[in-house]
1. Cα centroid distance between the range 285-317 and the range 69-108, in Å?
2. Can you compute the equivalent ellipsoid semi-axes for the range 1-129, i.e. the square root of 5 times each eigenvalue of the Cα gyration tensor, sorted largest first and rounded to whole Å?
3. I'd like the orientation of helix 285-301 relative to the chain: the angle between its Cα long axis and the longest Cα principal axis, in ° from 0 to 90, rounded to 10.
4. How large is the convex hull of the Cα atoms of the range 6-230 per residue, expressed in Å³ as a whole number?
5. Could you please state, rounded to a whole Å, how far the C-alpha centre of the range 119-149 is from the C-alpha centre of the range 1-58?
6. Using only Cα atoms, find the angle between the long axis of helix 47-56 and the longest principal axis of the chain, and express it within 0 to 90 degrees, rounded to the nearest 10.
7. Would you kindly state the longest site-free stretch of the chain, with sites defined as GluC sites (Glu not before Pro) in a DSSP loop (not H, G, I, E, B) surrounded by at most 16 other Cβ atoms within 10 Å?
8. Quick one: if the Förster radius is 22 Å, what FRET efficiency do Glu121 and Asp38 give, using the C-beta to C-beta distance and rounding to 0.05?
Amino acid sequence: MKDNNAAKRILSVSDAEVFRRHGWQAADLHVHTIFSPDVISVGSMHPEKLYLRARENGMDYVTFTDHDTLDAYDILNPDMPGLVRGVEIKIKDRSIGHTIHVNVYELDRGQFQILEEIATEGDLHGFLDCLETERLPFVYNHPLWFEPGERPNLKAIPDLVELFPVIEYNMHRVRRKNEMIVELAERHGKGLIASTDTHSGMIGQAYTLSRGKSFREFFNNIRAGKSFIVVGDLTKQNLVHEMKLWLDLLSGQEDINSKREIHTGISQVDRLIALLSSNTLRDFPRVYRAFLAATYKLAGSGLPAALYIRRECFRICQMEQQLGIYAH
């Protein structure tokens, strides 16, 4: 029987360990590698390295959900224990007006190509029909995050949630947004996952617990509400740490790809990272080192993080009014 009280599905790390000792499996179901265009190209973000890190961190199932590509699986051994093919596909339905992101699992190349073609056409209902026809597991990612520059259609969110079997509690969103996701899952009787959505290698810091001798059984139990989540939220302290981690990765980057666009969510920091990623600046090592040091100092001050959190809180007030979800 499905448990619609989504809030009861949130566990502490210590409680989760008890479940795992009793045979429950764990998975961080939203992870990016160097094959996503907004991930810094360094060795530590290679799929093989991330796979090993995930297993070391106790993940029984490991999936990589790069943006609109399955390329990570071309270099991975399909027989790796617990490896699950995955992808994050974005689709902008004409009737909705803003882009949504969907994680799909256990798909092959042919199914991926069909889904990409439908997504390009902006046909969400056709996209979902294809997923159901092909019997593929799928998740509505971060329902309250929107592409930069897009004006979200907040009134459509509950209807969108109704179309999906599972929605996501995302570690890179502030707590109040995630609380709203939990309430939406409870209102609509939806499965709930927690994931990191990491673009910097922090795999397994948020995850989902369920039972399943296979990934399909594991996911079906999530869909039925027979699962728990271990969560994390975006705080000022976490965001400062994340920005420093981005800069650490950037300073260790050897293969510069100017076509990559790194999005931390903070426009000022993104512009600084774009400069640091350019070959032009790296042609002047002393200038580059000084600029990198200044960027570290700015990130460490906490000011960009504080401004971002403040802006998010302002937006949340608007979301609460539109969705009819208010803080208790």
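All of the numbers you see were taken from the coordinates with simple rules; none came from a lab. This structure is a prediction, so every number in the text was calculated from the model and none was measured. All Cβ positions, even for glycine, are placed from backbone atoms using ideal geometry, and neighbour counts span all protein chains on display.
1. Result: 31 Å between the Cα centres.
2. Working: eigenvalues 152, 97, 36 Å².
Values for the range 1-129, descending: 28, 22, 13 Å.
3. 50
4. Taking the convex hull of the Cα positions in the range 6-230, it is 117 Å³ per residue.
5. Taking the Cα centre of each part, the range 119-149 and the range 1-58 sit 22 Å apart.
6. Helix 47-56 and the main axis of the chain meet at about 60 degrees.
7. Numbers: sites that count: Glu134, Glu150, Glu254, Glu261.
That gives 1-133 as the longest site-free run.
8. That pair, Glu121 with Asp38, gives E of 0.40.
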